[in-house]
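In what follows, a structure is listed as structure tokens, so that the remarks can point back to it.
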Amino acid sequence: MDLVAACRVFIHVGERGSFTLGAAAARVPQSVASRRIAALEEHFGTRLFDRSARRAALTPFGRDMLPPAKRLVQLAEAMEYHAEQAKLRPFTLAVPATCSVRQLAMLDAAFRDDGSVLDVQVADPGERAEMARSGQVQAALLAVPADGADWAVPLGVAGRANGGAGPLHLGSLRPAREQRFLRRIVIQPEDDVPHIRDPLQQAGHRAALLPAQIIVASSLVAAASQAIRAGNFLLCSAAQAADLGLRWRPLAAVPVARGYRVSALASEDADRVRGSFGPQVAQAVGTPTGAAELA
């Protein structure tokens, strides 16, 4: 039995002294109103109305139960109102700056279709971790090693020039004696984390590259600008390269990847992002299933 629905009918019938008028006020058929009152009486084990009278007269028990029934319905209506207001409160999510604007818009649309509002906070890895720790956001996509991530994004290099379709060997960037221009791989702030930066720099050292050939840019714009210059490469995902209009290639023998894990103070918030909106998040961060790899 729906106790609140039954109490609503009970209140309308009791206040009007009529099953017909009470059912109309409750916006249910009279047969439904009668069944709900009967179920309520069975639940309480005694009569609420004196059916021997021509009107729907309350019994002494019915008169005693009318005020608490009103309080119950009022509380239920207040809860429904607050639930609707809570849905309008934005769900704050910290995301990488590398996310596609179009895919973030798709994620926002999915939240709205679910009756929620999404507030996206774009931040670098360290900032996102602090925002999650301090409760500035309800959830954040933390940068973690790919083997412990909810989503993994393989990285390669992208540049303006068409340097071939196969994997890029770091040794091919080794400068010749007479070469004055150093060809660089530029790391953007999103990838300035130990599990990405360190293996790449170590591989560059083994390939006899100069330290100045693998650098960290101060911003995504600065990193992309370096890649647009002839001969330089941006460390990025295939999806990000497509957004920037650059040619993407995998790195040979350097399996670096972005990993993202949802962090939230409330476990249900993390489960919501990971589960209900997982496909949209995957597309936003640029997983291979969310964007086609470029040859």
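Any read-out appearing in this document is the output of simple, stated calculations on the displayed coordinates, not a laboratory observation. All of these numbers come straight from a predicted model, not from anything done at the bench. Cβ atoms come from the backbone with ideal geometry, glycine included; neighbour counts cover every protein chain shown.
Quick check on packing: order 254-263, 16-25 by the mean number of other C-beta atoms within 10 Å, highest mean leading.
Packing proxy ranking, top to bottom: 254-263, 16-25.
Which of M65, M106, M79 ends up with the largest GNM mean-square fluctuation for the chain, with Cα atoms connected below 10 Å?
Looking only at M65, M106, M79, the largest GNM fluctuation is found for M65.
I need two numbers for the chain: Rg to one decimal and Dmax as a whole number, Cα atoms only, in Å.
So, for the chain, Rg and Dmax equal 31.4, 111 Å respectively.
Based solely on C-alpha atoms, express the radius of gyration and the Dmax of segment 156-255 in angstrom.
12.3, 36
Report the far tail of the P(r) of segment 104-175, meaning the percent of Cα-Cα pairs longer than 18 Å.
Percentage above 18 Å: 64.
Give me the dipole magnitude in Debye, nearest 20, for the chain about the Cα centre, with unit charges on the beta carbon: positive for Lys and Arg, negative for Asp and Glu.
Dipole size: approximately 420 debye.
For K70 and S31 in the same chain, what is the full-extension length gain: residue separation times 0.36 nm, less their Cα-Cα distance, in nm?
11.8 nm
Filter the DSSP H helices in the chain by two things, a Kyte-Doolittle mean of at least -1.0 and an axial alpha-carbon span of 27 angstrom or more, and list the hits by number.
Once both thresholds are applied, what remains is 60-88.
If the elastic network links every pair of Cα atoms under 10 Å, which of L170, L142, L58 fluctuates the most in the Gaussian network model of the chain?
L58
With a point put 7 Å past each Cα toward its Cβ, work out how far S219 is from H169 in nm, to one decimal.
Spacing of the two 7 Å Cα→Cβ label points: 3.8 nm.
For segment 3-87, what is the convex hull (Cα atoms) projected area averaged across all directions, in square nanometres?
Dividing the Cα hull surface by four gives the mean projection, 5.7 nm².
If I stretch the segment between R54 and A252 completely, what's the gain in nm (0.36 nm per residue apart, minus their alpha carbon distance), one decimal?
62.2 nm
Taking 7 Å along the Cα-to-C-beta vector as the label spot, tell me the D114-R47 distance in nanometres, rounded to one decimal.
Once both label points are built, they end up 5.2 nm from each other.
Once the piece of chain linking A208 and R274 is laid out straight, how much longer is it, given 0.36 nm per residue of separation minus the C-alpha distance between them?
Between A208 and R274, full extension yields an extra 19.6 nm.
Return the single residue from D271, D113, D64 with maximal mean-square fluctuation; model: Gaussian network over the chain, springs between Cα atoms under 10 Å.
Top of the fluctuation ranking is D64.
222 nm [θ] for the chain, helices only, -39500 (n - 2.57) per DSSP H run of 4+, per residue, to 500?
Dividing the helical sum by the residues of the chain leaves -14000 deg cm²/dmol.
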